[in-house]
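So the structure is just underneath, and the comments pick up after that.
The values are calculated or read from the model by the stated rules, or taken from the named source; none is laboratory data. Since the model is a prediction, treat every value here as computed from it, not as a measurement. Neighbour counts run over all protein chains shown; Cβ positions are idealised from the backbone, glycine included.
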Amino acid sequence: MDKLKQLESFVSVATRGSLTAAARAEGVAPAIMGRRLDALEERLGVKLLVRTTRRITLTHEGSAFLEDCQRLLADLANAEASVSAGGVKASGHLRITAPAGFGRRHVAPLVPRFRELHSDVTISLNLSDRVVDLAGEGFDCAVRVGDFPDSSLVSVRMADNRRLCVATPGYLQRHGTPEHPNDLARFDCLTLSSDASQTRGWAFLLPGKNGEGEITHFKPAGPLDCSDGQVLHDWCVQGFGIAWRSTWEVEQEIAEGRLVEVLAAFAAPPNGIYAVFPQRKHLPLRVRLWIDFLKHHYAQPQFWRAGPSP
C-alpha cells in the first residue's frame, strides 16, 4: 500500500475527526480509510488513533506524528509547485494575520519588502490578539506564537520561541536577584491582567519527583498589570520590575545590556513560531512564497536582535 496515501489518509481522518468524513472527501469507502490507517499503525508499530463508534481521538504519539505529517505533505506540495510553476509569477490577493505585538515588530516590516519581490501580489495584514478563524474569515495564512493545538490547520514551524524572565540591571541592583521561581513573591512582577490570554501564568522547568524536569506554572502578583504585552515590556525596560517575555521582544535589549535574564536555570523549553494555513490540496504560489520568505528571515539570528535586514 502506498506510504504517501497512508499519511494523507491519516492527516485527513485526524483533522476531520471521522473516518466517514475523510472517506467522503476522498470519494472512497470508510473501510478503505480504515485499512490504510491499520496498515500505517502496523508499519510504525505504534497506535496513532483511538477509534470508537462515536469519535476518533489522537494518542500522544499520534498528535506528534500529525504535525510532522502535515509539514511533510506541505513541503511535498511546495516542491511540486516549484517544479510545475516554472516561470509563473505569483499574483492575486494575500490575506495574512498575526498577533498584534509580534506582528508589528516582525511581520509588518517584511510585508512591503515581500511585495517588492512580487509586485503582482496585493496584501492585507490583520493584526489581532484573538485567534482568527482562517477558513471562516477568508485568510490565507497566519503567524502564531506559542503552543499549536489546532490540528484542523497545516502548520510550519519557522523558529523557536523561548520565554524568559528579565529585568533591568538597575532594578536588580536595588532589589536583588531571584534565585528560584518561588522568590518572585518578593519582587515586583509585571503581569498580564486576568482578562488577557496568558491564564496559566509563568512557566518554569523544575526538578520532578523522578528527577526529570517538570513544567510548573507560577502566577506571580505585583503592583502593576496590564492586558497589553507591549506596555509590560516598556515598564520592564523603565525598571519597574521583572517581566516574563518572549525572546523576540527582548533579545535586542539583552544584547545591548539594557535588560538581564534571571532564573535562566529554570527556563522552560521553547515553544514555536508557526505559519499556519487551512487544509488545501494546492497551496497558492503567493502563500507558499510568503511562508518561504518568513522562514528565510526568521532563520537568521540577527533578525531578532535588529529586525529585518536589508
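Answer yes if at least one residue in the range 152-170 is hydroxyl-bearing (Ser, Thr, Tyr), within 18 Å of the chain's Cα centre (by Cα) and either modelled with pLDDT under 85 or under 30 Å from Ile56 (Cβ atoms) (or both), and no otherwise.
For the range 152-170, residues hydroxyl-bearing (Ser, Thr, Tyr), within 18 Å of the chain's Cα centre (by Cα) and either modelled with pLDDT under 85 or under 30 Å from Ile56 (Cβ atoms) (or both): present.
Scan the range 271-286 and give yes if some residue there is more than 29 Å from Ser193 (Cβ to Cβ), in contact with a strand residue (DSSP E or B) (Cβ under 7 Å, 6 or more places away or on another chain) and in a helix (DSSP H, G or I), otherwise no. So far as the range 271-286 goes, yes, one or more of its residues are more than 29 Å from Ser193 (Cβ to Cβ), in contact with a strand residue (DSSP E or B) (Cβ under 7 Å, 6 or more places away or on another chain) and in a helix (DSSP H, G or I).
Residues of the range 125-141 that are in contact (Cβ under 8 Å) with a residue 40 or more places away in the chain and either closer than 20 Å to Phe303 by Cβ or surrounded by 14 or more Cβ atoms within 10 Å (Cβ to Cβ) (or both): Asp129, Leu134, Phe139, Asp140, Cys141.
Of the helices (runs of 4 or more DSSP H) lying entirely inside the range 95-143, those containing at least 3 residues that are in contact with a helix residue (DSSP H, G or I) (Cβ under 9 Å, 6 or more places away or on another chain) and closer than 20 Å to Arg157 by Cα span 100-106.
Looking only at the range 221-234, filter to residues that are among the hydrophobic types (A, V, I, L, M, F, W, C) and surrounded by fewer than 18 Cβ atoms within 10 Å (Cβ to Cβ); which one of those is modelled with the lowest pLDDT? Among those that are among the hydrophobic types (A, V, I, L, M, F, W, C) and surrounded by fewer than 18 Cβ atoms within 10 Å (Cβ to Cβ), it is Ala221.
Consider the range 171-196 and keep the residues that are farther than 28 Å from Gly257 by Cβ and loosely packed, with under 13 Cβ neighbours inside 10 Å. The one that is modelled with the lowest pLDDT is Asp195.
Suppose the filter is in contact with a Ser or Thr (Cβ under 9 Å, 6 or more places away or on another chain) and either in a helix (DSSP H, G or I) or among the charged types (D, E, K, R) (or both); does Arg245 pass it? It is false that Arg245 is in contact with a Ser or Thr (Cβ under 9 Å, 6 or more places away or on another chain) and either in a helix (DSSP H, G or I) or among the charged types (D, E, K, R) (or both).
Do you know which of the residues in the range 200-220 that are outside any strand (DSSP E or B) and touching a strand residue (DSSP E or B) at 6+ places or on another chain (Cβ under 6 Å) is modelled with the highest pLDDT?
This residue is Pro220.
For beta carbons closer than 7 Å, sequence separation of 6+ or different chains, a first residue in the range 96-124 that is closer than 14 Å to Cys141 by Cβ and a second that is of a type in the set (Asp, Glu) and buried (at least 19 other Cβ atoms within 10 Å of the Cβ), the qualifying pairs are Ile96/Asp140.
Residues that are exposed (fewer than 15 other Cβ atoms within 10 Å of the Cβ) and within 13 Å of Leu7 (Cβ to Cβ) within the range 41-70 comprise Arg43, Leu44, Asp68, listed in sequence order.
Among the listed residues Ile96, Ile123, identify the single one that is touching a Phe, Trp or Tyr at 6+ places or on another chain (Cβ under 8 Å), over 27 Å from Arg16 (Cβ atoms) and either at pLDDT 90 or above or of a type in the set (Phe, Trp, Tyr) (or both).
Numbers: Ile96 fails: over 27 Å from Arg16 (Cβ atoms).
It is Ile123.
Restricting attention to the range 226-273 and to residues that are over 22 Å from Ile215 (Cα atoms) and aromatic (Phe, Trp, Tyr), the residue that is farthest from the chain's Cα centre (by Cα) turns out to be Phe240. Considered as a group, the residues in the range 240-284 that are closer than 10 Å to Arg163 by Cβ and among the charged types (D, E, K, R) include one that is surrounded by the most Cβ atoms within 10 Å (Cβ to Cβ), and that residue is Glu249. Checking each residue in the range 16-40 for being of a type outside the set (Gly, Ala, Ser), surrounded by fewer than 18 Cβ atoms within 10 Å (Cβ to Cβ) and not in a loop (DSSP other than H, G, I, E, B) picks out Thr20, Arg24, Glu26, Pro30, Ile32, Arg35, Asp38.
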